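What follows is a set of notes on a single structure, which appears directly below.
Please treat every number below as a calculation from the coordinates, not as lab data. Treat the numbers as computed from the prediction; the structure is a model and nothing was measured. Methodologically, a virtual Cβ is constructed for each residue, glycine included, from the backbone with ideal geometry; neighbour enumeration extends over all protein chains shown.
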Amino acid sequence: MPLFEKGHFQHVFIQPKGEYVNDKGETVHGRIPRDVLPNPIALCRKLTWSNWLYFIVGLAAWTMDGYDFHCVSLSVSRLATEFGVGREKISESITLTLLFRTVGAAVFGIAGDVFGRKWALIVNLIVIAVLQVGTAYAFDFNTFLAVRALFGIGMGGIWALSAAMALENMPVECRGLFSGVLQQGYALGYLIAAVFNLYIVPISPHKHRALFYIGAGLTGAVAIARLAFPESRQFIEAKEHGQTGGKKKMKAFITEGKVALKTEWKRVIYCSLLMAAFNFMSHSSQDLYPTFLQQGKAFSAAQASRATIIAKTGCIVGGCVVGYLSQRYGRRASIFWSAILGCCFIPLWVIPQSWGALVAGAFLLQFCVQGAFGVVPIHLSELSPEAFRATFPGITYQIGNMISSPAAQILTTIAEKNKVRYRGKLVPGYAATQGVMQAIIFLSVAGLAIIGPEFKGRQFEKARALGDSVAAEKLAELDELERSDSEGQKAPQYVHKEMK
């Protein structure tokens, strides 16, 4: 993986030189022009009914994943009262859920790559629906923790399976726009949960459990919808050229997994670090924002909830816009400029005292946070090794999530230890802590984005199947290289040809 190569950094901002075909059909040499930014309505018209079906169900699955996760964060005070524990104990259950997501990414990602996206996603959604009901019926804290840990495993598989299914069935030129839309399913899930929390929970006899019951029903409905249409065309075509039979598929997966680890270990590390920075950026700016408004700025819980809903709207708009722009300006450049612009909005996000100004800052900052995040589904899919498009993005994404899981606890600890005086009262220093932490994270995201590779426009349709002869040949070649090295001989140079 060419993390560093000649012109690598400048190509984030300036198009490279080379041969290309101009408007007249002539092959010329010069600075390669950027892709023309197509009309988004025209992009939508390019999708067939099956493209729409795959995308909408993928979006619905990721939306329900976001809904189901935020049911707990919206019910922290009620759950703490019910179980007779402090709010920080309930927050620990959120951290536990994030930690176990990596396990789910591996289990369901492997299932998706070996046995197909369809049944892996259906089983994954059913597991989550069952565990939502289990959360509602957990009548003691230890049971609650156990159920939420299992929920983390189920939650970990959804993102990669949804992204793989939604985007690999999409025309190449449409993927930037719809990658941004897809990623915002998580924010949409929060908005749906927040609306139910404001208007359904207060009048329901089940109180906060109503959130979990509704989530289980909606998640189950998405699983039923996925039953109604076939496996992805790309996976079926790849399967026809590969092996059949579960044992052979798993053997092929293990064989190619060895190849991937030996040839792509730099890519795994890079993508995991990038996703850690992204998830720190998201969690440190979102998870404790309502707490910051209530404790640091003395606003009511209702005002904090409305501000968070407006901020999440900024997430949705930013993800769609920047994801769309990435189709012309590139994945890395879109991430870089979103992060830099986000740094500029930090003062407006934490300094004002009026509710309106703070909400405006939150909208603009979250536009940048999720604008950058909107590029992630397609960027990770394009960076993925061919036969691991459900496993690789999911595992690297969730490793990053696992690394960033203590973000809220780190922020809370620092803020509580550095209290400030606000309107005559001593309050936790959330404003300064969030501001400094977010600036560091934004710069980290920008830096990691420009040093990494980019394969914009990669053809998913040409993905080969698990179990073809290429894997065995590559593994044999690598083993020969290692044997030659151990004998002190000059080993043949192994070149990994990446499809661009």
Next on the checklist: Using a 10 Å cut-off around each Cβ, can you sort C343, C71, C320, C44 from fewest to most neighbouring Cβ atoms?
Outcome noted: C44, C343, C320, C71
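Counting only other residues whose beta carbon sits under 13 Å from that of S75, what net charge do I get with K and R as +1, D and E as -1? Each step should come with its number before you reach the end.
Numbers: positive: R78, R87, R148, K207, R209; negative: D68, E82.
Net local charge, S75 excluded: +3.
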Item to check | 5 angstrom amide H check on Y422, placed H, neighbours 5+ away | outcome: V427
Checklist outcome for this item: Per DSSP, the loop-located chymotrypsin sites (Phe, Trp or Tyr not before Pro) within the stretch 89-180 having at most 10 other beta carbons within 10 Å are F139
Checklist entry - How about the stretch 11-72: which trypsin sites (Lys or Arg not before Pro) there are in a DSSP loop, with at most 14 other Cβ atoms within 10 Å of their Cβ? => result K24, R34
Item to check | Under Karplus coefficients 6.51, -1.76 and 1.60, residue-wise ³J(HN,Hα) of the stretch 262-267 in Hz, glycine/proline x | outcome: 6, 9, 10, 5, 5, 5
Checklist entry - Residue by residue, what Karplus-based ³J(HN,Hα) values in Hz, rounded to whole numbers, does the stretch 60-65 have, using 6.51, -1.76 and 1.60 with θ = phi - 60° and x for Gly and Pro? => result 5, 5, 5, 5, 5, 4
Checklist entry - Amide H to amide H under 5 Å from F229: which residues, 5+ apart in sequence or cross-chain, H placed 1.01 Å off N in plane? => result none
Next on the checklist: What is the sum of charges, Lys and Arg at +1 and Asp and Glu at -1, for the other residues whose Cβ falls under 15 Å from the Cβ of W349?
Outcome noted: +1
Item to check | In sequence order, calculated HN-Hα J values of the stretch 137-154 (Karplus, 6.51, -1.76, 1.60; Hz; x Gly/Pro) | outcome: 8, 7, 9, 9, 5, 5, 5, 4, 4, 5, 5, 5, 5, 5, 4, x, 4, x
Checklist entry - How many angstrom separate the Cα center of the stretch 270-337 from the Cα center of the stretch 395-439? => result 15 Å
Checklist entry - On the first, second and third principal axes, largest extent first, how far apart are the outermost C-alpha atoms of the stretch 254-392 in Å? => result 58, 31, 20
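By the scheme Lys and Arg +1, Asp and Glu -1, what is the net charge of all other residues having a beta-carbon under 11 Å from that of V375? Before the final figure, lay out the partial values.
On the way: positive: R175, R331, R332, K456; negative: E382, E454.
Local charge sum for V375: +2.
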Checklist entry - Considering only Cα-Cα distances, which of the following residue pairs are longer than 25 Å: K312/K417; K297/K417; K118/K266; K89/K207? => result K312/K417; K118/K266
